[in-house]
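A quick write-up on the structure given underneath.
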Amino acid sequence: METVILAVVIAVLVLGVLGGLVVGSRRKKPLPPAPPTTPDLTTPPAEPHIGDEAETPRDEPRRTIEEVDLPGGDASSVAVEEPPLPVIEVPEPTAGRLVRLRTRLSRSQNALGKGLLALLAREHLDDETWEEVEDTLLTADVGVQPTQELVERLRERVKVLGTRTPAELRGLLREELLQILEPGFDRVVKTDSNLDTPGIVMVVGVNGTGKTTTTGKLARVLVADGKNVVLGAADTFRAAAADQLQTWGDRVGARTVRGPEGGDPASIAFDAVKEGIAAGVDVVLIDTAGRLHTKTGLMDELGKVKRVVEKHAPLDEVLLVLDATTGQNGLVQARVFAEVVDITGIVLTKLDGTAKGGIVIAVQRELGVPVKLIGLGEGADDLAPFEPEAFVDALIGD
């Protein structure tokens, strides 16, 4: 019995020893190799240092700011370079400007002047020929009523004249065209106030007619005549309209009063006149928004601008800008604008060959107010006072 117990104990001990060896062998893991005593590292390329890292400070003699010689011997005398002043242009004189631009204006003569001269020079002027004369005038945008009046007078004078040499025909046509252009109209742009205030000119018209450009060119005309000008950028609805007008003003030294885009046009117009009075300038030019003539509410706002400006002083001139190439549509615009503000003068733009010269006659007859200025090109000085004699001479040629 003792032998059996001894054998069991020995077996248990043997099994315990074997189990410990197995567990120990599982827990034992190989250790990583020891790092070398001196690591072999690649040195990165050297980079420039700044400040205290640049190099080890060295003992050197140093000077204080008082000991350093400055230009002129005084720190306060250092010259500061001023930004360059904008170059102020000298506009072309207005006297005789239309005569100098006659070549451009004469491009319109083919449809009107030369066409009429060719018809009137026929050997027999029958009813069919006079109908062609009438069609020529209507095609040139003269308008129905002015055309009928002109044809009637021409028929009567040709009948009385009898013989018709080229010189006689040209003289006859010149007289009749001058007569229908209303030579008695006062075509001077009113820029002198009867009060102790600047002359106030408001420029109106539909977008695309060249209204803002015309306002800038008119400023050049006035500066060329020796006047001081303030511009009011009351067209706050068209993007960059104020920037465009200010550029025109800067070129001739005219100050531009402007406000935020989309702001109240009447308020800006009011401020422009107020500043013009305070500065004692000669003329205030107000560029209004090019509102569509079919928008009743916007046209009412144009009337508001006029009323607000007149709290300072009455308007001396209201100029309607029309695109001469639009023909009868321009007359529709003229009628609506005339109902909202009292138009005192007309500016016809783009009258440089693409337009038909008869629009001058038609628009004057429609509104009963004179054409005072015409635009004959894209140049800065291509806005000219309208001179009936020079205009007719350009139409019918030499």
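Where the only charges are on Cβ atoms (+1 Lys, Arg; -1 Asp, Glu), what is the dipole of the stretch 220-365 about its Cα centre, to the nearest 20 debye?
Values: 17 positive and 19 negative charges, 56 e Å.
The calculation lands at about 260 debye.
For Asp342 and Glu275 in the same chain, what is the full-extension length gain: residue separation times 0.36 nm, less their Cα-Cα distance, in nm? Numbers along the way, then the final one.
Details: separation 67, 0.36 × 67 = 24.12 nm, distance 2.43 nm.
Additional length available on full extension: 21.7 nm.
Rounded to the nearest 0.05, what FRET efficiency is calculated for Glu261 and Asn228 with R0 set to 30 Å and r the Cβ-Cβ distance? All intermediate terms of the calculation are to be shown ahead of the outcome.
Values: r = 27 Å, r/R0 = 0.91.
Calculated transfer efficiency: 0.65.
Determine the per residue accessible area of the stretch 152-202 with all protein chains present and a 1.4 angstrom probe, expressed in square angstrom. The partial results should precede the final answer.
Numbers: 3050 Å² over 51 residues.
Computed with neighbouring chains in place, this is 60 Å² per residue.
Using the Cβ atoms and a cut-off under 12 Å, what net charge is assigned to the surroundings of Ile180, where Lys and Arg are +1 and Asp and Glu are -1? Each step should come with its number before you reach the end.
Numbers: positive: Arg153, Arg174, Arg365; negative: Glu149, Glu152, Glu175, Glu176, Glu182.
Counting the neighbours of Ile180, the net charge comes to -2.
I need the shape label for the stretch 263-374. Rule: rounded when a/c is under 1.5, else prolate if a/b > b/c, else oblate, with a, b, c from the alpha carbon gyration tensor.
On the way: a/c = 2.30, a/b = 1.68, b/c = 1.37.
Note, shape of the stretch 263-374 comes out prolate.
Where does the charge balance sit around Glu275 when Lys and Arg score +1, Asp and Glu -1, over other residues with C-beta under 13 Å from its C-beta? Please list the in-between numbers first.
On the way: positive: Arg255, Arg258, Lys274; negative: Asp271.
Value of the local net charge: +2.
When the chain is fully extended, how far beyond the present Cα-Cα distance does Val188 get from Glu378, taking 0.36 nm per residue of separation?
Details: separation 190, 0.36 × 190 = 68.40 nm, distance 2.29 nm.
So the chain would gain 66.1 nm between Val188 and Glu378.
With Rg and the Kirkwood Rh both taken from Cα atoms, where does Rg over Rh land for the stretch 91-245? Write out the running numbers ahead of the final one.
Working: Rg = 21.3 Å, Rh = 19.3 Å.
For the stretch 91-245, the value is 1.10.
Using +1 at the Cβ of each Lys and Arg and -1 at the Cβ of each Asp and Glu in the stretch 210-295, identify which of Ile277, Ala254, Ala241 lies farthest towards the dipole's positive end.
After comparing all options, I get Ala241.
Enter the mean projected area of the convex hull around the alpha-carbon atoms of the stretch 313-376, in nm², rounded to one decimal. Each step should come with its number before you reach the end.
Working: hull surface 16.3 nm².
Taking a quarter of the hull surface, the average projection is 4.1 nm².
Give me the number: length gained by fully extending Lys114 to Lys159, i.e. 0.36 nm times residue separation minus the C-alpha to C-alpha distance, one decimal in nm.
Working: separation 45, 0.36 × 45 = 16.20 nm, distance 2.05 nm.
So the chain would gain 14.1 nm between Lys114 and Lys159.
In the structure displayed, which of Lys227/Lys306; Lys190/Lys311; Lys114/Lys217; Lys114/Lys350 lie more than 27 Å apart, Cα to Cα?
Lys114/Lys217
Please work out the average accessible area per residue across the stretch 320-398, using the 1.4 Å probe convention, and give it in Å².
For the stretch 320-398, the per-residue accessible area is 30 Å².
Compute the distance from the alpha-carbon center of the stretch 208-241 to that of the stretch 305-376, in whole Å.
16 Å
Note down the net charge around Val203, summing +1 for each Lys or Arg and -1 for each Asp or Glu among other residues with Cβ under 11 Å from its Cβ. Could the numbers behind the result be given before it?
On the way: positive: Lys211, Lys217; negative: Asp235, Asp287, Glu317.
So the surrounding residues net to -1.
The values are calculated or read from the model by the stated rules, or taken from the named source; none is laboratory data. Just so it is clear, the model here is predicted, and its values are computed rather than measured. So basically every Cβ, Gly included, is an ideal-geometry build from the backbone, and we count neighbours across all protein chains shown. Quick note on the areas: whole protein, heavy atoms, side chains included, nothing else; ligands and nucleic acids left out. Shrake-Rupley method; radii C 1.70, N 1.55, O 1.52, S 1.80 Å.
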